[in-house]
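Visitor: Submitted below is the structure of interest, expressed as structure tokens.
The values are calculated or read from the model by the stated rules, or taken from the named source; none is laboratory data. Fair warning: this is a prediction, and the values are worked out from it, not measured in the lab. In this analysis, Cβ positions are derived from the backbone assuming ideal geometry, glycine residues included, and neighbour counts consider all displayed protein chains. Ligands, DNA and RNA are stripped out before the accessible areas are found, and what is left, the full protein with its side chains, is counted by its heavy atoms. Shrake-Rupley method; radii C 1.70, N 1.55, O 1.52, S 1.80 Å.
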Amino acid sequence: MIKAGKVVAGTWRITGMEAWDAEYFDMEVPAYITICDDLTGRFQFGLVRGDLDARVSIVDGATRVAFSWAGFDENDPVNGR
């Protein structure tokens, strides 16, 4: 495992999204993503919230974070990568 997990650990504020404007993504709480030292975490934007499992890699010297997630959009189960 790459020790870069500590570099990405923390709570990050989501300030922009391609598909939604701030009125939606900050609807219930300020949109965020939290990544823990063990590379698990959670997020919420708009009415979407979930848990995630992250992977960190280094590509051309840049740290990348990819994650899979499962949660809910309103009351409907959703997931993605």
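Visitor: Output the residues belonging to segment 1-19 that are touching a strand residue (DSSP E or B) at 6+ places or on another chain (Cβ under 7 Å) and open to solvent by 60 Å² or more (accessible area, probe 1.4 Å).
Guide: Hits for segment 1-19 are ILE2, VAL7, THR11, TRP12, ARG13.
Visitor: Now a separate question. Could you count how many residues in segment 40-66 are buried (at least 16 other Cβ atoms within 10 Å of the Cβ) and within 17 Å of ASN79 (Cβ to Cβ)?
Guide: Number satisfying all stated conditions: 11.
Visitor: Are there any pairs with C-beta distances below 6 angstrom linking a residue in segment 53-68 that is under 12 Å from CYS36 (Cβ atoms) to a residue that is assigned to a strand (DSSP E or B) and among the hydroxyl-bearing types (Ser, Thr, Tyr), with the two at least 6 apart or on different chains, and if so which?
Guide: ASP53/THR40; ASP53/SER68
Visitor: Out of segment 33-77, which residues are within 15 Å of VAL8 (Cβ to Cβ) and assigned to a loop (DSSP other than H, G, I, E, B)?
Guide: Across segment 33-77, the qualifying residues are CYS36, ASP37, ASP38, LEU39.
Visitor: Can you go through GLY46, GLY41, GLY16 and tell me which one is modelled with pLDDT of 95 or more and in contact with a helix residue (DSSP H, G or I) (Cβ under 7 Å, 6 or more places away or on another chain)?
Guide: Testing whether each residue is modelled with pLDDT of 95 or more and in contact with a helix residue (DSSP H, G or I) (Cβ under 7 Å, 6 or more places away or on another chain) leaves just GLY46.
Visitor: While we're looking at this one, here's another question. Does ALA4 meet the test of being at pLDDT 95 or above and hydrophobic (A, V, I, L, M, F, W, C)?
Guide: Considered against the rule, which asks whether it is at pLDDT 95 or above and hydrophobic (A, V, I, L, M, F, W, C), ALA4 comes out as no.
Visitor: While we're looking at this one, here's another question. Suppose the filter is more than 19 Å from ASP76 (Cα to Cα), open to solvent by less than 30 Å² (accessible area, probe 1.4 Å) and hydroxyl-bearing (Ser, Thr, Tyr); does THR34 pass it?
Guide: Yes: the conditions hold for THR34.
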